[in-house]
Amino acid sequence: MVLLDLVKVDLKKWLWIISIPTLVVLLGLGYFQVGEPAGFSAICGTVLLTLTLLPSMFMRLGFFKENPYLRWLLKYRKDLGIAAGTWLLTHGLVSGLFFLKRDQSILDQLLEPALQPVWIMIPILALMLITSNKASERKLGRQWKNLHSLVWLLPGLMIYHGNLSIATFEKEDFAPAAFILAIIGLLSIYEFIKTRSYKRALLFLIGFISTMVLWFVNNPG
């Protein structure tokens, strides 16, 4: 019964009832450098991004087309996307407060290899958030969808950033969220193979190739 009632929940309302106070607390933890606010915000943002992208991808591929929970998520796709962008941008701020040394140049630290993808990801996320409204949809017309397709650049960059950051700042080996992001990337390639719809696969590959360029620039030997 609980699962059946789930599809009746107003997800938009609960997203923000839960997110706003949680994000405020995470910012406080980041400022006072307590707990693990960076990792928590990264995982939550990644999960929200996955819930934004996968339902529509499954529908396009013909998977679970009659599943009521998938259709329920699809109805809230835009709201989930806005929440994902908000969580991921807050993750960037929380991580900066938590990890960046306040007695050193912030710019120099932001040029560290693990943080270089941020210079690409933050403008994309910010641009999508700013234009996630009906006024922007009307003004941009057909270009609105092209603009928001840039979200497919993110998974490859996020895998690179997440794994390098966790190794650099937390001295661990692997970011668990990379599994989720890799699934998104592989599905986008499968979608291309099956439907010859190239946009998502191409953007994912551009993001992935960008990480390879960054890797070779930072490790020329």
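Okay, here's what the table says:
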| item | result |
| --- | --- |
| Single unsatisfied condition, ILE106 versus (1) out of contact with any Gly (no Cβ under 6 Å at 6 or more places or on another chain); (2) hydrophobic (A, V, I, L, M, F, W, C); (3) surrounded by 18 or more Cβ atoms within 10 Å (Cβ to Cβ); (4) over 30 Å from PHE192 (Cα atoms) | (3) |
| Any hit, region 174-193, residues being among the polar types (S, T, N, Q) and over 16 Å from the mean Cα position of the chain (by Cα) | no |
| Of the criteria (1) of a type in the set (S, T, N, Q); (2) over 19 Å from VAL47 (Cβ atoms); (3) touching a helix residue (DSSP H, G or I) at 6+ places or on another chain (Cβ under 7 Å), which one ASN146 fails | (3) |
| In region 121-136, the residues that are closer than 22 Å to VAL217 by Cβ and surrounded by fewer than 18 Cβ atoms within 10 Å (Cβ to Cβ) | ILE122, PRO123 |
| First in region 82-108 and touching a residue at least 24 places away in the same chain (Cβ under 8 Å), second anywhere and of a type outside the set (Phe, Trp, Tyr) and in a loop (DSSP other than H, G, I, E, B), Cβ under 8 Å, 6 or more apart | ILE82/SER132; GLY85/SER132; LEU97/GLN33; PHE98/GLN33 |
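Here, each number is a calculation from the coordinates, and none is a lab measurement. Since the structure is predicted, the reported quantities are computational estimates derived from the model, not experimental observations. We place every Cβ from the backbone using ideal geometry, glycine too, and count neighbours over all the protein chains shown.
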